[in-house]
Each structure stands twice: as structure tokens, then as C-alpha cells.
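Q: Submitted below is the structure of interest, expressed as C-alpha cells.
The values are calculated or read from the model by the stated rules, or taken from the named source; none is laboratory data. Quantities reported herein were computed from a predicted structural model and do not represent experimental measurements. Glycine also receives a Cβ, built like all others from the backbone with ideal geometry; neighbour counts cover every protein chain displayed. Each accessible area value is taken on the protein alone, full model and side chains, heavy atoms only, with ligands, DNA and RNA left out. Shrake-Rupley method; radii C 1.70, N 1.55, O 1.52, S 1.80 Å.
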Amino acid sequence: MEHTGEGSAGNKESLANQPVNKLFWRYTIPAVAGMLVNGLYATIDGIFIGQVVGAEGLAAMNLCWPVFGIIIGIGMMIGMGSSAHSSIARGQGDLRRARTILGNGVVLMLLASLLQTLALLYIGDPVLQLMGATGSVFDMGSDYLFYISLAATMATAGAGLPMMVRNDERPQLATLIISTGAVLNIILDYLFIIVWEQGIAGAALATIFAQSVTAIWSLAYFFSPKAKLRLKLQDLGMELKDSWNILATGLPSLTMFAYMSFVLAVHNKLFLIHGSVTTLAAFTIVGYIQAVYYMTAEGIANGIQPIVSFNKGANNNKNIRAAIRMGSTAALGLGIGTVLFINLFPQTIASIFNRDNVQLMSETVLGLRLHLMTMFLDGFIVVAAAYFQSLAKSRTATFITVGNMVVQIPLLLTLPPLFGAIGVWLSMPISNVFLAAAVLWLLLKDLKERPTVAT
């Protein structure tokens, strides 16, 4: 095994010798900043669409998100799985294996994205129809998915590769890459939607160009002398065992996005049944606000991942316990503060997207108050799932994600017939309470099995 060299020395200096609280902020702040920028640019996407296209444009965007979420989820799955196993190998001092795992991850992203392109060209429109899209809402959604399907490679790589850059002990660079892509997306949104009047097709084109910059920059970094785990062409290969481990460990990330996509699709369908296109547009706005916090929680989760994975390889349970404690506290504290802010200023938040449609404003305020009342538990669940992924405990992490679906689907089937659209709004916050209790039990059980003395 390869145990020496500049990469190994730098690795031990930063991850083995520095205090966990310092490492937590070093990795988490850039990760949160990058993910928060992503959440904000998605929200700004919605603001442009809401102000220019209106309620139908917002509804069309939300009908596309279940499909787009799968693309992002596949990128996150491969990125998280590759990062976790690469970090574990580095913690064990095996740099050659760490590089091989990263190269395997890059190849997996390419193959997966090609399959996605072929699939989306055939199933995109049927999925929109299945959710109840008709008329101009369907036409706009179809245009969006067509452009996104052609650039699935960039969208997948743009989601997964920055995670690998962060794990190469370059959290600031990963944040810069993500932030640059996000800022470029906002600028292109303005040009395509406002100046060139391309509607949500313009939003798709803006996303494609921005994700391309993110993907190409991230990949170029790993082939540059600045990378600690510098890749060479011979590292780009596939081994069945490594591929399986990457996909198995990263599966909870895909499961989380698949769950979100499925539940979002069910919400879309139910809001069109028990409400209207305006209700669905309100749900879109609520989703944008939720995404800002959710992406922040993802940033916290991504920040603790290198710390937990490295210390798993180094067999340092004390640092593992400290990392998850800090991550959970940060996610819950920030979430509670966000929920309070939303409930203090719901009208102001709703008016940012569209102040001319009184019905849209009213339904958005209702959705903000009902749908997001337990949003802070989402952050805790995301961090806990990432913790188990970082330990390569993919079954537990997957159970957490699937558990949310198991709880929420019965609620979505029973509450709307009784309470109409209000029942749809309430399904997720109620399910969060049950799942958070189960996740807390799993987390405490795992921590009890970890002695605090490093061995």
C-alpha cells in the first residue's frame, strides 16, 4: 500500500491532528455556503418564473422537479459513495486505493448519465401526464425536461464531483466551484427568462450551462498538480467490487432524492385534484423556501462526512461522536430559527414571488405555515442519514429514507380525502415527527456502541 508522500502528510496534518471543532467549521462553513448558494439560485429561478410567467410557470417547474431530482440524486449517490470510501482509504493510509475509488466514481457518473439521457427522452412527457399536467403547463414542462435530458451528464457530474473535491481537503475550492456555477445560473436566468423571454425553457438552458462549468472545473482539478489525490487516465476504470461499494454506500442519497421526487410527484397530483394550478404554484413557492434550509442541512451533512469517514478509517470514535453531535445541533438550531422567521413574515416571503395574484399569496401563506412547521426535523434527519453513510452503514441510512416514505404515503392517502388541500399540506410535517423519533433511537443506539477512547 502507498502510505507516504505529500498527500498523506497533508491528510494527517488536517484530519488526524486538528481538533474536531476546528475541522467541523473548516469543512461545514464552505459546504453550507456552497449548498446555500445552490438553494438560493433555485429560489431565484422561481422568483424569475413567478414574476414573468406567473402561476402556470411555477406549476410547470414543480412538475419537472421529480424528474430532475432523480438526476441530481444519482450524482449525489456516486459522489457521496466515492467520497466516503476514498476518505476511509485515506484514513487507512492507502492513497493508491483512494485514487482508484475516485476514478471509478467518475466513470460511473458518465455511464449513469448516458442511461439517464436515453430514459428521459422516452419517459419525460408520460411522467408529466401522470402527475396531471395539461395544456400550457404540460407544454412548458415538456420543454424544460427535453433540454435537461440532453445535458444529464453535466447535471449528474455537477452534483457529484464537487463532493469529491471537498473530500480532497479543498472545501473552499469546492464552495468556490459551486458558488460560481450558482452565480452564473442566476445571471443566465436573467438573460434567458427576462431579456430573451424564453420562459422555463430558458431556466433549463441556464441550468445546463451552469452545471457544465461546475462539472468541467471539478474534473479538471483532479487532473491538476493541485489535487492531493491527483488522477491519471489509468485511474479511470471500473472494478465490480468498488462500483458496488460506491453505489451501496451512496444509495441513501439517491433514495433520499427518489423519495423526495416520488412524494413531490404525489403532492403535485393531489394538489391538482384537491386544489388547483394556483395551489400547485403555491406549493412550488413553499418548496423553494424549504429548499434553502434543506440545502443548508445538506451542507452541514457534507461537512461532517470527511471527518466521520476519516475517523472511521482511523478508528477514532471520540472524534466521530463529536462530529455528529455538532452537526445535529447546528441543523436543529438553524432549522428552528428558520421556522420562526417564516411564521413571522409569511406574507413578505410570498410577495417576493408574485404580489399581483391575491389567491396565490393567500395559499402560499397557508402552505408556509402548515407544510414547514416541523421543517427543522428534516435537517436532523438529513445529517443523521449522512452520518450513517459516512460510516458505510448504507442499510441504516437507506432505512431512514425509506422510513419517511413508509410513514408519509399512508398520510397522503388518508388526510386529503378528509381535509382536502389542507390534508396534503399536513402530511409531511406529521410524518417528520414519527421519523425523527425513530432516527434518534437509531443514532443513540449507534453512539452507545462507540467507546469514547480512541483505539
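Q: Projecting each Cα onto the charge dipole of the range 234-339 (Lys/Arg +1, Asp/Glu -1 at the beta carbon, about the Cα centre), which of MET295, PHE271, ALA322 comes out farthest on the positive side?
A: Sorting the options by dipole projection puts first ALA322.
Q: Next question, about the same structure. Among GLY367, ALA436, ASN404, pick out the residue whose Cα is farthest towards the positive end of the charge dipole of the chain, where Lys and Arg carry +1 and Asp and Glu carry -1 on C-beta, about the Cα centre.
A: ALA436
Q: Give me the net charge of PHE223's neighbourhood, meaning all other residues with Cβ under 11 Å from the Cβ of PHE223; Lys, Arg count +1, Asp, Glu -1. Mind showing how you got there, number by number?
A: Working: positive: LYS226, ARG230, LYS232; negative: ASP235.
Computed value for this residue: +2.
Q: Rounded, prolate or oblate, given the Cα gyration tensor of the range 120-266, with a/c below 1.5 counting as rounded? Let's see the in-between values first.
A: Values: a/c = 2.47, a/b = 1.45, b/c = 1.71.
Note, shape of the range 120-266 comes out oblate.
Q: Helix 171-189: angle to the longest alpha-carbon principal axis of the chain, degrees 0 to 90, nearest 10?
A: 20 degrees
Q: Please report the carbon-and-sulfur percent of the accessible area for the range 325-412; probe 1.4 Å, protein heavy atoms only, DNA, RNA and ligands left out.
A: Numbers: 2530 of 3660 Å².
Ligands and nucleic acids excluded, carbon and sulfur reach 69 percent.
Q: Can you give the extra length, in nm with one decimal, that the chain gains between GLN347 and GLN359 once fully stretched, where that is 0.36 nm per residue apart less the Cα-Cα distance?
A: Working: separation 12, 0.36 × 12 = 4.32 nm, distance 1.21 nm.
So the chain would gain 3.1 nm between GLN347 and GLN359.
Q: Against the empirical 2.2 N^0.38 Å scaling, what ratio does the C-alpha Rg of the range 331-455 come to?
A: On the way: Rg = 17.8 Å, N = 125, 2.2 N^0.38 = 13.8 Å.
Normalised Cα radius of gyration, the range 331-455: 1.29.
Q: Round to the nearest 10 and give me the degree value, 0 to 90, for the angle of helix 317-344's Cα axis relative to the longest principal axis of the chain.
A: 20 degrees
Q: Rounded to two decimals, what is the ratio between the C-alpha radius of gyration of the range 243-284 and 2.2 N^0.38 Å?
A: On the way: Rg = 15.0 Å, N = 42, 2.2 N^0.38 = 9.1 Å.
Ratio of Cα Rg to 2.2 N^0.38 Å: 1.65.
Q: Lys and Arg at +1, Asp and Glu at -1: add these up for the other residues within a Cβ distance under 11 Å of THR207 and post the number.
A: Details: positive: none; negative: ASP45, ASP189.
Local net charge: -2.
Q: Determine the sum of side-chain charges near GLN51: Lys and Arg each +1, Asp and Glu each -1, restricted to other residues whose C-beta is under 14 angstrom from that of GLN51.
A: -4
Q: Counting only heavy atoms of protein chains, what accessible area per residue, in Å², does the chain have with a probe of 1.4 Å? Each step should come with its number before you reach the end.
A: Values: 17790 Å² over 455 residues.
For the chain, the per-residue accessible area is 39 Å².
Q: Ordering TRP25, TRP425, TRP441 from largest to smallest accessible area (1.4 angstrom probe), what's the sequence?
A: On the way: TRP25 130, TRP425 5, TRP441 160 Å².
Descending order: TRP441, TRP25, TRP425.
Q: Can you give me the long-range amide H partners of PHE223? Hydrogens built in the peptide plane at 1.01 Å from N, cutoff under 5 Å, separation of 5 or more residues or another chain.
A: Residues meeting the amide H criterion: LEU231.
Q: Can you give me the Kirkwood hydrodynamic radius for the range 166-228, using every pair of distinct Cα atoms, in Å to one decimal?
A: Working: mean 1/r = 0.0800 Å⁻¹.
When all Cα pairs of the range 166-228 are included, the Kirkwood radius is 12.5 Å.
Q: How compact is the chain by the rule of thumb for globular proteins, expressed as Cα Rg over 2.2 N^0.38 Å? Could the numbers behind the result be given before it?
A: Details: Rg = 21.3 Å, N = 455, 2.2 N^0.38 = 22.5 Å.
Ratio of Cα Rg to 2.2 N^0.38 Å: 0.95.
Q: Identify all aspartates and glutamates with a Cα-Cα distance to LYS312 below 15 Å; exclude those on the same chain that are fewer than 8 residues away in sequence.
A: Cross-link targets: ASP94, ASP446, GLU449.
Q: Need one number: the % of Cα-Cα pairs in the range 53-209 sitting beyond the 20 Å mark.
A: Values: 6725 of 12246 pairs.
Of all Cα-Cα pairs in the range 53-209, 55 percent lie more than 20 Å apart.
Q: Against the longest principal axis of the chain, how steep is helix 199-222, in degrees 0 to 90 to the nearest 10, with axes from Cα atoms?
A: Between helix and principal axis, roughly 0 degrees.
Q: From the Cα gyration tensor of the range 207-286, with a ≥ b ≥ c the square roots of its eigenvalues, which class applies: rounded if a/c is under 1.5, or else prolate if a/b is larger than b/c, or else oblate?
A: Values: a/c = 4.71, a/b = 2.07, b/c = 2.28.
Oblate, since a/c reaches 1.5 and b/c is not below a/b.
Q: Per residue of the range 304-314, what does 6.51 cos²θ - 1.76 cosθ + 1.60 with θ = phi - 60° give for ³J(HN,Hα)? Whole Hz please, x for Gly and Pro, Karplus curve as stated.
A: Working through the residues one at a time gives 7, 4, x, 5, 5, 5, 4, 6, 5, x, 7 Hz.
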